[in-house]
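Here's the structure we're looking at; comments come further down.
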Amino acid sequence: MLASADRVFTAPQTGPQPSPRSDVEIYQMWEIFKAVNARVKAGGEVVNLLVGEPTLPPPQAAIAAAQKALGSGRQLGYTEALGIMPLREGIAGLYRRRHGLDIPASRVAATIGTSSGFMLAFLACFSAGDTVAVVEPSYPAYRGTLKALDLIPYRVATDAATRFQVTPAMIASLPPQVKGIVVASPANPTGTMLSATELRAIYEACRLHGLWLIVDELYHGVTYDQPADTILSAGDDAVVINGFSKYWGMTGWRLGWLVLPERLVPRIEALHGSLQISAPTLSQLAGVAALSADEELQPRVLAYKRNRDALLAALPRLGITRFAPPDGAFYLYADIGDFSDDSVAFCKRMLEETGVVTAPGVDFDTADGRRFLRFSFCMDASVVDEAIRRLEPWFRSLNRR
Ligand SMILES: Cc1ncc(COP(=O)(O)O)c(C=O)c1O
C-alpha cells in the first residue's frame, strides 16, 4: 500500500491541463546558463558577459535607509497601492532634475520592478485578445508578459539601418488590429536610444493612429555620450516604465515605477491593490534614499562607458563589423552572421572553447536573432578585457560562412 504522502504528491497522468496562455517561451539564455553551471561544476573558468545585472552593491544611502527601517522595529506593513508619497514625490523630482518636467507625484505609481509595471500597464491598456506591437530585437519578457495576459504580440522587425529602433513610418504601417506598441530607449539588447525628435515623432504617430504608447526607460541614467530623453517631454499621453534595477543596481529589491496618463491612475491603483497590494515597503524606503545617490553612481556609468569603448574598439579586430554602437544600457548587439546562423550553438561552442559566454540573439528577436549575440558589459573592466583577450584569437581562427 502507498504511504499517504505518496498518494498526495503523485502527479496525475490526466486531468485539467495548463492554460495555453501559460505556455510562454523559455529563454534560450537558460540553456546557456546550464552550460555555464556545468562548466563551473567541472572546475572550468567562465568569463561572463551573459547577464545584464550590475555587480556592485546598491548605493550606500539605500542600504543605510533599509538598515534604519529594519532597526526601528517598525512593522513595515503594506503601503498604499500606488506607493509611499516620499517615493512618488522623489521620482517626480527626478523628472524635474533630469528633464526639467513638472510631473505630479499623483501620476507616479510604485511597482514591483518594471516587470510588474508591464503587467499592470498591459492590463490597464488592453483587453484579452488585443494585438500589441513589440519592436524586435527587444527584451523578451515583453512578449512573454503579453502572451500570459492573453494578448498577441505583433513583431515589428528592425535592423541596424534604424539602429534597431522603430520609426513613425513603421507605426503608420501597422495593421489595424494593433492597439498599442512597446518601445524602449535605451533598449535591451542594443543599447540604442531615441532622440527627443524621434520620441516626439513616435508619440505623434501613436496619437494619430489611436495607439497606446508604452515606453521602457529602465536604462535611463546609464547613458554615455548624452543623457536619455523621456517620452514625457513629448506629452503626457504615454505610459512610462522605469525602475531601480539598472542605474541604481538594485535588481533584487524589486522596485520600479510607472508614470501614467491621469485616466489610468485609478485603474492601476485598483489593479495593483487587487494583484499585488503594494511594492515592497523596505525597498520603497531604500528607493527614496537611492534617488540622491548620483555622486556614488556616476563613476559606475563611466566604468560601463569604458567597457563599451573597449568592446567597440575590439569587435572589428574580431571580424565583427555590423553593429549599432550603444548609446546607453550595457549591451552591444552584434551580427555574427559571417560565422554562424545558430546563435545558441555558437554561444555554447564559444563557451566551450574560450570560456567566454554571451547571450544568443534568439531570445531578443524571434526571426533574425539566430545571427546575433548580445555582449553585456556591466561587469568589472578586468572581465571585459579578459573576454576580448580570449575572443580575438578565437574569432580569427573561425571559418567564415
Ligand atoms: C529593457 C528591460 N526592461 C525591463 C527589465 C526588467 O527589470 P526589472 O523587473 O528588474 O525592473 C529588464 C531586465 O533586464 C530589461 O532589460
| task | Would you mind computing Rg(Cα) / (2.2 N^0.38 Å) for the range 64-156, counting N as its residues? | result | 1.40
| remark: So, with points 7 Å from each Cα along the Cβ direction, the residue 262-residue 226 label distance in nm works out to 3.2
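Counting pairs of alpha carbon atoms under 8 Å apart in space and at least six apart in sequence, what relative contact order in percent does the range 60-292 give? Each step should come with its number before you reach the end.
Details: 445 pairs, mean separation 69.9, N = 233.
With pairs under 8 Å counted, the relative contact order is 30 percent.
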| Rounded if a/c under 1.5, otherwise prolate or oblate - the chain, Cα gyration tensor axes | rounded
| field | Selection from 128, 141, 382 lying farthest towards where the dipole of the chain points positive, charges on Cβ | value | 382
| said: Using only DSSP helix segments of four residues or longer, with each worth -39500 (n - 2.57), what per-residue ellipticity at 222 nm results for the chain after dividing by its residue count and rounding to 500? | reply: -12500 deg cm²/dmol
| query | How about residue 305: which aspartates and glutamates have a C-alpha closer than 14 Å to its C-alpha, ignoring those fewer than 8 places off in the same chain? | reply | 225, 327, 380, 385
| query | Classify the range 201-312: rounded, prolate or oblate, from the alpha-carbon gyration tensor (a ≥ b ≥ c, eigenvalue square roots; a/c under 1.5 rounded; otherwise prolate if a/b is larger than b/c)? | reply | oblate
| Given charges at Cβ of Lys, Arg, Asp, Glu: the chain dipole, positive-most of 351, 93, 175 | 351
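Going by the alpha-carbon gyration tensor, a ≥ b ≥ c the square roots of its eigenvalues, is the range 177-245 rounded (a/c under 1.5) or, if a/c is not under 1.5, prolate (a/b greater than b/c) versus oblate? Can you show the working numbers first?
Details: a/c = 1.97, a/b = 1.63, b/c = 1.21.
The shape class here is prolate.
In a shell of Cβ-Cβ distance under 14 Å around residue 45, excluding residue 45 itself, what net charge do Lys and Arg (+1) and Asp and Glu (-1) give? Kindly include the intermediate steps, with their values, before the conclusion.
Values: positive: 39, 41, 389, 390; negative: 352, 353, 386.
Neighbourhood net charge equals +1.
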| query | Hey, which aspartates and glutamates would be in cross-link range of residue 41, C-alpha to C-alpha under 20 Å, not counting anything within fewer than 8 residues on its own chain? | reply | 31, 352, 353
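So, with +1 on the Cβ of K and R and -1 on the Cβ of D and E, and no other charges, what is the size of the charge dipole of the chain about its Cα centre, to the nearest 20 debye? Please list the in-between numbers first.
Numbers: 39 positive and 41 negative charges, 83 e Å.
Value, rounded to 20: 400 debye.
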| message | Quick check for you: which residues of the range 112-145 have the amide N under 18 Å from the point 7 Å beyond the Cα of residue 274 toward its beta carbon? | response | 112, 116-130
| task | Stick to the Cα atoms of the range 16-110, pair each with every other, and give me the Kirkwood hydrodynamic radius in Å at one decimal. | result | 18.7
| field | Rounded FRET efficiency, nearest 0.05, which uses the C-beta distance separating residue 14 from residue 382 and R0 of 41 Å | value | 0.15
| field | Backbone N under 14 Å from the residue 159 label point (7 Å along Cα→Cβ), restricted to the range 297-324 | value | 322-324
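With only alpha-carbon atoms in the gyration tensor, what are the semi-axes of the equivalent ellipsoid for the range 130-280, in Å, largest first? Please report the intermediate quantities before stating the final value.
Working: eigenvalues 102, 79, 48 Å².
Taking √(5λ) for each eigenvalue gives 23, 20, 15 Å, largest first.
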| field | Fraction of antiparallel bridges per DSSP, the chain only, in percent to nearest 5 | value | 45
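Compute the length gained on full extension between residue 46 and residue 317: take 0.36 nm times their separation in residues and subtract their Cα-Cα distance, giving the result in nm to one decimal.
On the way: separation 271, 0.36 × 271 = 97.56 nm, distance 2.19 nm.
That pair, residue 46 and residue 317, stretches by 95.4 nm at full extension.
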| Zone of residue 197 (label point 7 Å along Cα→Cβ, backbone N under 20 Å): which residues in the range 213-237? | 224-235
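Given R₀ = 51 Å, FRET efficiency for residue 296-residue 400 by Cβ-Cβ distance, to 0.05? Kindly include the intermediate steps, with their values, before the conclusion.
Working: r = 45 Å, r/R0 = 0.88.
FRET efficiency, residue 296 to residue 400: 0.70.
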| field | Mean separation of Cα contacts under 8 Å (6+ apart) over length of the chain, as relative contact order % | value | 24
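A short reminder: the numbers here are calculations on the coordinates, not readings from a lab. Since we're looking at a predicted model, the values are computed, not measured. Neighbour counts are summed over all protein chains in view; Cβ atoms, including those assigned to glycine, are modelled from backbone coordinates with ideal geometry.
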